[in-house]
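Heads up, the thing below is written out as structure tokens.
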Amino acid sequence: MVKLLDSGNLQILSNPLEVIWESFKHPTDTFLPGMEMDRNLVLKSWASNDNPAEGKFKFQLEHSQYTIRMERSIYWQSRVSGDFMPDDILPIVSSLLSNSNRSGITYNRTKTTSSSFSKNNTRLVMHFDGTVQYFTRLNESAPWNLTWWKPKNRCDKFRACGNYERCSNSENRSTCECLPGFKSNLPDSSRDFSGNCQRTAPLCDGVAKILNFKPLNVNKVEKPDHFPVSSENECKEVCLKDCNCQAYSIETSQVRGVTRKCWIWSYDLYNIQVEDTNGGREIHLRVQPNISPEPKQTKQDGGPNNINNQFKQWPLAFAVTVASVLALAFAAWRLWQEDKVLDMMDRKLSAGSKTKTNEILKCINVGLLCVQEDPDDRPTMSDVITMLSSVSATLSTPKRPAFIVSRGFNYMASSSSSKAETNNEITITLEGIVEENSKAKTKMETGEVVLFGEIFELRFFTPSNGSNNDPRRYIGIWYDMFDPKTIVWVANRDSPLNHKNGDFGIAKDGNLTVFNEHKNSVWKTYLPVPLKGMEKLLDLETCKF
């Protein structure tokens, strides 16, 4: 017996209560509400936008840290700073991955409660570009919106720079540069030191020790050791007595006599990220004397430069806002395509001068360029400022935004003119009953394989982006009644059928199986224990496409 639940979980049952295999335990690239991320579950990216084959990125849980691996190397990892910095995963994403909702109610694999806060309106995808992406939508008929993703930039990546280097995303600073008190053995013209930073003087040389510290604000740093102290001086002295101590930090407290937490780095410093924004935490880096403190950002109250910055800031803020709105509404992109994008304007703004209208059009154009699918098509922040502040700047025409692009494909109702024939080796019963009182049903017609319920459907498809010349056929699950369709699971992802004939069903041992035109298995579920006499539990039906 096969069931497709309204949670998107495809199950094989030996009886109505015993699940012997389920797709939630064998995902492809998508994590759905009701799954649980444990050490055995791995999301594997597609090879490309139209190739479901296993790509080079994997998302999994390793030692209580969510990790993206590019082949064997760590590409991104959560909580690299441990408890020293806040978790860089949204709480709602953590709730999804831990299989719980805001009330702490867990999902049931065989029956999804209708009160689940994120049921069918949230999903997490290991994208083929190396980012893990969290999508949400307002309801089951609304478009998907990209809400959160990691890594967002190079500095988010694991060990983006080498030891004793800090990674910065600001425009006026090299991507990687040595920490104060360190220098590179590469030429000054190099913008990426790649692990070539060394101390200008040793911490301990047998005679003297480096006794000075320099404050440094960081947004990320490898997790340190920690222990309780009564004061900052105590924490500092512990570091000074250790020739391996590179830096320390103290947990602040406004109450005297209260135990504080001292953080110590007694090994190479790496995974350091700094940003020219507020936030982060201060560490005290151990450096030799005469290292001048870094200049802090000062707020300007007036002057030509400040006025120019204010001019650049308001359209930039508007452009980012517009981009967010466009990401939330598929209709906005349609308006751009139909040359009706000014319909988005507030009536008070649309009643303004032609110059103001042109400025709004420019802002929307720039906003769309900032959310392009290909990162190479997106302008840098300096380009954005130039485009917005220049009267004569020529803007390129945006393509469809990344936030609303879904995998396109043609679903295959039938590729064979022959009717279904009985085959005792391939049997299947498709049950679309997913929950009590649901309207789900099973559609079994000659030459067609469709299993669908209230939310999802299971069917053959080809990921051809609208092309009818693509010979590849896959079995997949996607959200029903939504276009473009969003695929959440693929059976034979690494073994597409490349012929017009093929079979799909349950073999005598109980395995859900995809057969090619030669009756050879190209994919099956591999039940932990083969079920003898499974065919007796099933109606003898052959499904062809």
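The values are calculated or read from the model by the stated rules, or taken from the named source; none is laboratory data. Note that the coordinates shown come from a computational prediction; the quantities given were computed from them, not determined experimentally. Here the Cβ is made from the backbone with ideal geometry for all residues, glycine too, and neighbour counts use every protein chain on show. These area figures cover heavy atoms from the full protein model, side chains too; ligands, DNA and RNA do not enter into them. Shrake-Rupley method; radii C 1.70, N 1.55, O 1.52, S 1.80 Å.
Annotations
- Gain on full extension, evaluated as 0.36 nm per residue between Leu395 and Leu361 minus their Cα-Cα distance, stands at 11.2 nm.
- A Förster distance of 56 Å, applied to the separation of the beta-carbon atoms of Cys243 and Asp377, puts the FRET efficiency at 0.65.
- Among Lys508, Lys241, the order of accessible area from largest down is Lys241, Lys508, computed with a 1.4 Å probe on protein heavy atoms.
- Extension gain for Asn212-Asp129 works out to 25.5 nm (0.36 nm per residue, less the C-alpha to C-alpha distance).
- Label-to-label distance, nm, for residues given as Thr200 and Arg260 (7 Å Cα→Cβ offset): 2.8
- Here the range 33-47 is scanned for amide nitrogen atoms under 14 Å from the site 7 Å beyond the Cα of Tyr526 along Cα-to-Cβ, giving 41-42.
- Distance between modelled label sites at Leu342 and Leu17, nm, 7 Å Cα→Cβ extension: 6.8
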